[in-house]
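Quick notes on the structure that follows.
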Amino acid sequence: MISLRPSQADLQRLKEPFGRLLPGSPARTMSELNSIIGQTNPRRVVAVGDVVSRETLVAGIRVDLRILDHISMRRPTAAFNLKVKKTYHVKNPAGVITLEAWETIKRAMKDEEALIVVEGEEDLLALPCIVESPNNSLVLYGQPSKGLVVVDTNTNVKSEASLILSRMTREET
C-alpha cells in the first residue's frame, strides 16, 4: 500500500483551518452552514468526519459525500443510520493519505450520494477532497473544540492543497 505523509513544516499549516471557521456548537454552526449553502448553492457538499457527518444529517443538510471512521477525538462515536446509494470501504492509517483512499474519493465524487467508511483515520482526507471536488463546492470538517471549517473549493484553495500533497513523502507499507 502506498501512502503519503505530510512534511513536518506542513503539519503546522494543517492545524490551521483551510477555510472559514464557524465557531461554536453544532447547533450554531449547522444553522450558519445552512444559510451559507442557501447563498452559495454549492455544486457538491462533502463532510469529512463523524461529527460533521452526523450533525449535517440531523440538521437535514444535503451532503453528497460523507467520510467517517467511527472515531472522534480518539474515541468511538455512536453509530447513526445513514442511507446512501453507494458505500466504499478503505484502509487509511493515522497520519497519512493512502493512494487507495484518494482514488476512492475521486470515484465517490462522481456518485450522487456516497459514503466512505475508513478503517484507520480520515483526518487528512479533507486535502484530496478539496483537490477532487468541483469548483464552488463545500468541503466541511471539524476543528476540534473550536467549530466547523467550511472550505469553498476555488482555484486558490485547490492550489494550496495540491502543493501540500505534492510535498508529502511517499511510503510503501
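Just a few scattered comments:
- Residues (small (Gly, Ala, Ser), surrounded by fewer than 21 Cβ atoms within 10 Å (Cβ to Cβ) and in a loop (DSSP other than H, G, I, E, B)) located in region 115-165: Ser145
- Just one residue in the set Leu65, Leu33 is over 18 Å from Leu127 (Cα atoms), at pLDDT 95 or above and within 17 Å of the chain's Cα centre (by Cα); that residue is Leu33.
- Residue check, Lys106 surrounded by fewer than 19 Cβ atoms within 10 Å (Cβ to Cβ), under 14 Å from the mean Cα position of the chain (by Cα) and modelled with pLDDT of 95 or more: yes
- Asn81 passes every criterion in (1) in contact with a helix residue (DSSP H, G or I) (Cβ under 6 Å, 6 or more places away or on another chain); (2) modelled with pLDDT under 95 apart from (1).
- For beta carbons closer than 9 Å, sequence separation of 6+ or different chains, a first residue in region 10-29 that is closer than 21 Å to Ser137 by Cα and a second that is outside any loop (DSSP other than H, G, I, E, B) and acidic (Asp, Glu), the qualifying pairs are Leu14/Asp123; Phe18/Glu160; Gly19/Asp152; Arg20/Asp152; Leu22/Glu32; Pro26/Glu55; Thr29/Glu55.
- Candidate set: region 36-61, residues that are basic (Lys, Arg) and modelled with pLDDT of 95 or more; chosen: the one farthest from the chain's Cα centre (by Cα): Arg43
- Checking region 55-75 against the condition returns no match, with no residue being over 20 Å from Val150 (Cα atoms), touching a helix residue (DSSP H, G or I) at 6+ places or on another chain (Cβ under 8 Å) and basic (Lys, Arg).
- Residue list for region 8-30, filter: over 15 Å from Val150 (Cβ atoms), loosely packed, with under 13 Cβ neighbours inside 10 Å and over 17 Å from the mean Cα position of the chain (by Cα): Gln8, Ala9, Gln12, Ser25, Ala27
The values are calculated or read from the model by the stated rules, or taken from the named source; none is laboratory data. Remember, it's a predicted structure, so these values are computed and weren't measured experimentally. Glycine gets a Cβ as well: all are built from the backbone with ideal geometry, and neighbour counts include every protein chain shown.
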